[in-house]
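All remarks here apply to the structure that follows.
Where a number appears in this text, it was derived from the coordinates with a stated rule and is not lab data. Being a predicted model, the structure only gives us computed values, none of them experimental. Quick reminder, even Gly has a Cβ in these numbers, built from the backbone with ideal geometry, and neighbours come from all protein chains shown.
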Amino acid sequence: MVALCKPDQVVWVDGSEEEKDRLTQEATQAGVLMPLNQDKLPGCYLHRSNPNDVARVEQLTFICTPTKDEAGPTNNWMAPKEAYDKLGKLFDGSMRGKTMYVVPYIMGPASSPMSKVGVELTDSIYVVLNMRIMARMGTIALKELGDSNDFNRGLHSVLDCNPERRFICHFPQDNTIWSVGSGYGGNVLLGKKCLALRIGSYLGRKEGWLAEHMLILGVESPEGEMTYVAAAFPSACGKTNFAMMVPTNRFKGWKIYTVGDDIAWMKVGEDGRLRAINPEFGYFGVAPGTNFKSNPNAMKTISHDTIYTNVAMTPDGDVWWEGKDGDIPNELTDWQGRPWTRKGSTEKAAHPNSRFTAPMRNNPALSRFAEDPEGVPISAIIFGGRRATTIPLVIQAFNWTHGVFFGSALGSETTAAAAGKVGVVRRDPFAMLPFCGYNMADYFAHWLEMQAFITNPPKVFMVNWFRQDKNGNYLWPGFGENMRVLKWIVDRARLRVGGQETPFGWVPRAGDLDLSGLHIPHEQVDAATEIDLDEWKAELESHAEFYEKFGDRLPKVLELQREMFLARIDALKK
Ligand code: GTP
Ligand code: SPV
Ligand code: MN
């Protein structure tokens, strides 16, 4: 790769504190990082990306399997040879005058049977400093690798950051990722979406485990009973917030512990239970909307040793974004470095997909099992999306197959986490649409097959925190109030609370959801939990178009489920 990219020098990173200080100083001198107010935010820096490079680019992300069918209808595909040729030309000489950093890293706790080693070669000092937060990196990874040859080969160059020369290519058969032309998180921190999800899901199918876009949390009752839950919500749909939730006052004594906030690797343990680890070491979280009321644990987590990307800055070197606590400042520097005033500016001061990169060990709610090499046992799996209509606050699948149907048909409104139009409902199965590294129909089949290996499969649920009234206001208050829903989920998973059967699953009966002390009108809760047969009919009919993409490859049982639910509606409406 050195012969290809022709860097001026090669630096092997070791992950030490001294190295961090040296690289931070270099990045500051080069203007890649700006020191923030070190009294308020010790160890914190601001990075402003190229304005054309602020989110994942799904149309430029490719799965390069030998055949197009292996990548499937939901992925962009490029033949491996074509991709290597095309990107090879772009990498040729791309690091002239630059440093190539060699970044060895582990996804997962050191010496966990579930962990994987990667090596990312990059010419971006910003990538190195972010990787150091997001993964266990440096000497520790070389030690983990030993003399094995089994590691992910990652190559990254920012080039001139031109969207015309931007490609993120995955070669699952080669355990290789080539990323060029971007400096943005999900496109370039190759351990995260590229390895842990796209290559990971491919390996998971081959090796019999699951790589998922899921948070993992532990919820502890006042009596000390701990239950672990994994939840898949699409990008910018509430995973980090749910994983760090501080329960509403009504649930004094209940506590949420974070195991992971974005990615779960799950396999069946020796006890026959589904066990999950978080392969990451830090959080790459959405800044807007984060405040001491919505997510106090995140605010504490990002108060030191954090890299901020594309947020606004106050005159005294503090950070700011839309939805932060306190009054809106009169004057700011916006995410592009331009002056911004409260009275005069119409654009947002922080980019809607501005982010923080913070060490997981900063999190006051970090689970003491977050680094357990065996993972935590999962009792419930939750799917959720951002849906203004149709999907109720919570509903439980009748069984595992029905749960896989829930996941396969998940829909959500698009967000700023990916380039493109925001707010359009699209199918985002298992919140994995942009992250599944092989044919999505085979992925559904893999999920269906997993049941055979799990002695006591987790119960499966669907939630929606984002249903709206006709004026566009959220019906459900969300955040810490989501504990009310989680409590029902835990009790259902432990078979000790009632439910009401509907044509599409179990929902709480009146009285099953603890609503005491919730200061919203009863009708509003009713509207958030309502199941409208006409809306569901339209929903199920809209799944057909999505399913048809997969042709015969779609597991038959999923289409049968869809038709059965439609038939149940018709029977009810007679
Ligand atoms: P990625 O990092 O892109 O995968 O996002 P995520 O799924 O971790 O989403 P995150 O928790 O960062 O939340 C995204 C946005 O949704 C933020 O602006 C939150 O404030 C908002 N949000 C999170 N939970 C809730 C909720 O319960 N209700 C409402 N109304 N908004 C929420
Ligand atoms: C997401 O978009 O789901 C993220 C941010 O978690 S990124 O790392 O850019 O993918
Ligand atoms: Mn994510």
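Of all residues in the stretch 307-325 being without any contact (Cβ under 8 Å) to a residue 60 or more places away in the chain and touching a Lys or Arg at 6+ places or on another chain (Cβ under 9 Å), which is surrounded by the most Cβ atoms within 10 Å (Cβ to Cβ)? By that ranking, first place goes to A312. Restricted to the stretch 385-499, the set of strands (runs of 3 or more DSSP E) holding at least 1 residues that are small (G, A, S) and away from ligand 3 (no atom under 16 Å from the Cβ) comprises 411-413. Candidates in the stretch 220-237 are the residues that are crowded, with 24+ Cβ neighbours inside 10 Å and not hydrophobic (A, V, I, L, M, F, W, C); of these, the one that is farthest from ligand 3 (Cβ to nearest atom) is Y228. All of D469, D442, D428 fail the test of being touching a residue at least 24 places away in the same chain (Cβ under 8 Å), closer than 23 Å to S412 by Cα, crowded, with 23+ Cβ neighbours inside 10 Å and among the charged types (D, E, K, R), apart from D428. Look through the stretch 202-226, keep the residues that are within 16 Å of ligand 2 (Cβ to nearest atom) and among the aliphatic types (A, V, I, L, M), and return whichever of them is farthest from A243 (Cα to Cα). Among those residues, the one meeting the criterion is A211.
Of the helices (runs of 4 or more DSSP H) lying entirely inside the stretch 505-574, those containing at least 2 residues that are over 29 Å from the mean Cα position of the chain (by Cα) and exposed (fewer than 12 other Cβ atoms within 10 Å of the Cβ) are 522-529, 556-573. One residue stands out in the stretch 227-239 among those that are under 20 Å from L393 (Cβ atoms) and in contact with a helix residue (DSSP H, G or I) (Cβ under 8 Å, 6 or more places away or on another chain): the one that is farthest from ligand 2 (Cβ to nearest atom), namely T227. Scanning the stretch 175-196 for residues that are under 20 Å from V54 (Cβ atoms) and either of a type in the set (F, W, Y) or within 11 Å of ligand 2 (Cβ to nearest atom) (or both) gives S182, Y184, G185, G186, N187, V188, L189, L190, K192, K193, C194. Within the stretch 85-101, the set of residues being buried (at least 16 other Cβ atoms within 10 Å of the Cβ) and either among the polar types (S, T, N, Q) or part of a loop (DSSP other than H, G, I, E, B) (or both) comprises S94, M95, K98, T99.
Quick one: in the stretch 223-258, of everything that is of a type in the set (G, A, S) and out of contact with any His (no Cβ under 9 Å at 6 or more places or on another chain), which residue is nearest to N353 (Cα to Cα)?
To start, the set of residues in the stretch 223-258 that are of a type in the set (G, A, S) comprises 224, 230-232, 235-236, 238, 243, 253.
Those left that are additionally out of contact with any His (no Cβ under 9 Å at 6 or more places or on another chain): 224, 230-231, 236, 238, 243, 253.
Values: G224: 37, A230: 24, A231: 21, A236: 8, G238: 13, A243: 19, G253: 34 Å.
Within the stretch 223-258, the match that is nearest to N353 (Cα to Cα) is A236.
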